[in-house]
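Engineer: Please see the structure below; I have some questions.
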Amino acid sequence: MRRALILLLLWGGIQLLRPLDAGEHGATSETLLVFGFLILAAYTIGEIAKLLHLPKITGYLAAGFLFGPAVIGVVSTEVTRDLEPVTRLAVALIAFLAGAELRWKELKERARAIFTILASELPLSFLLIAGTLVALHGAVPFLANTTLVERVSLAALFAAVAIVHSPAVTMAILAETRAGGPVARTTLGVVLVADVVVVILFSGALALARAFVAVPGATTAGGSLMLAWEIGGAIIVGALLGGAVALYLRFVQRELVLFAVLVAFFGAEVARLAHVETLLTLLVAGFVTESFSKEEGRELLHAMERSAAPVLVVFFALAGATLHVEALAELWPVALAVVAARALAIFAGTRFGARRAGAPAVVRQYAWLGLLSQAGVAIGLATVVQSAFPERGRDIGTLLLAVITINEVVGQIMFRVALSRAGELREEEGGAVRAAEPALESQAAP
């Protein structure tokens, strides 16, 4: 009740302040006012979601949807456009943090299981999701009135986003449960390595979609060379940026909170000027920074997480505010079909890969449940797709957000159940958490 009252007071406060946004700087002041309101309102609804045993990100998305143009209208379409720099900064922060979590130690310990599972699970998920969309193209608005080549290109681009896992959700659950067995460590390794693979795959799918799908004002000349440079150049630029950050951390190491934001801003701007893929650039930069800076790199990550918190809250709220209600109502059956196809592919691919790698029985049986979640990286990629295709991007983004929301809510519950059944949950003072298992199973039953 206290949080609901806070939310009501915030809404009442912004209604009282809005009439003051008049004059020459009215538009700018309204944008800043809404930005501050979104931080507080989305955070409050995120806390309410946590009380309901839902991920906070679900609450942030719900806040954006509730206060967006579709419902209350506090966040107007014009304001969402004005806040696009926040979205770009958030995508850069998400990519850098994801790259920094990819450590050599994790790769060395379970390299065979990780790469064998990825080699079977990711391609199968990509094919099943793309095939599902092509088969249901009559019910998918952004595939309407398209040629076969355009249909396949857009379905492939959608699948390149929909196969993403969630390192953020995985790591949050592992930190909360203190699980550290083979299921936990293998799942963590798979989701971290998958980020690199998926970003490269997404870059290629995006370039091909731009080449085959007409976009007003865009040019497709030199498509293959551009694709090679977008991916190869991103790796080069990201490695140089990561090396520079590592040198700063070793010899300067001051004002890390401010420096963390500048790294994301500067990296995104360099990637834009160099015409390389921003996500891949920042992901490589994060990986190189973590690999060569050790303890200093961990301090930068903590500083970046602190500085990123309000930006990411607004980013997820803006993602919810851009949901297209009519398309969402129309696309729910398709979203459920995509979720089912993805879950089936993850189940079959993970079981097959784990068996081929000779992984322990608990990994073969339960690891796939840890790969269902989706969150920040997937939403970041969905935002990139919306920007790349102004006409079809809104429907693509709406369907992606519907799929991501379902997977985020269901995935975190199922991962907890998997860790419980594998006997990898720990009590706060040591030992296995057996008392929690019935409650987790009852949560998963619906």
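Engineer: If I filter the stretch 377-391 down to residues being assigned to a loop (DSSP other than H, G, I, E, B) and of a type outside the set (D, E, K, R), which single residue comes out as surrounded by the fewest Cβ atoms within 10 Å (Cβ to Cβ)?
Structural biologist: Checking each candidate, the answer is P390.
Results for (1) at pLDDT 85 or above; (2) under 23 Å from T383 (Cα atoms); (3) surrounded by 23 or more Cβ atoms within 10 Å (Cβ to Cβ); (4) of a type outside the set (S, T, Y), shown as yes or no for each residue.
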{"site": "L154", "(1), (2), (3), (4)": "yes, yes, yes, yes"}
{"site": "A162", "(1), (2), (3), (4)": "yes, yes, yes, yes"}
{"site": "R185", "(1), (2), (3), (4)": "no, no, no, yes"}
{"site": "V193", "(1), (2), (3), (4)": "no, yes, no, yes"}
{"site": "L208", "(1), (2), (3), (4)": "no, yes, no, yes"}
{"site": "G233", "(1), (2), (3), (4)": "no, yes, no, yes"}
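Engineer: Right, T350: part of a helix (DSSP H, G or I), more than 24 Å from L93 (Cα to Cα) and β-branched (V, I, T) or not?
Structural biologist: When the stated conditions are applied, T350 passes them.
Engineer: Checking A175 against (1) at pLDDT below 75; (2) open to solvent by 40 Å² or more (accessible area, probe 1.4 Å); (3) in contact with a Leu (Cβ under 9 Å, 6 or more places away or on another chain), which test does it fail?
Structural biologist: (3)
Engineer: Additional query: Just one of A303, A264 is open to solvent by less than 30 Å² (accessible area, probe 1.4 Å), in contact with a Phe, Trp or Tyr (Cβ under 8 Å, 6 or more places away or on another chain) and at pLDDT below 80; which is it?
Structural biologist: Of A303, A264, the one residue that is open to solvent by less than 30 Å² (accessible area, probe 1.4 Å), in contact with a Phe, Trp or Tyr (Cβ under 8 Å, 6 or more places away or on another chain) and at pLDDT below 80 is A303.
Engineer: Now for a different question. Residue check, Q374 against (1) open to solvent by 30 Å² or more (accessible area, probe 1.4 Å); (2) touching an Asp or Glu at 6+ places or on another chain (Cβ under 9 Å), all met but one. Which one?
Structural biologist: For Q374, the exception is condition (1).
Engineer: For F115, all conditions in the list (1) in contact with a Lys or Arg (Cβ under 8 Å, 6 or more places away or on another chain); (2) modelled with pLDDT of 80 or more; (3) open to solvent by 10 Å² or more (accessible area, probe 1.4 Å) hold save one; what is the number of the exception?
Structural biologist: The single condition F115 does not satisfy is (1).
The values are calculated or read from the model by the stated rules, or taken from the named source; none is laboratory data. Because the structure is predicted, anything quoted here is derived from the model rather than measured. Here the Cβ is made from the backbone with ideal geometry for all residues, glycine too, and neighbour counts use every protein chain on show. Calculation scope for accessible area: heavy atoms of the full protein, side chains included, ligands and nucleic acids excluded. Shrake-Rupley method; radii C 1.70, N 1.55, O 1.52, S 1.80 Å.
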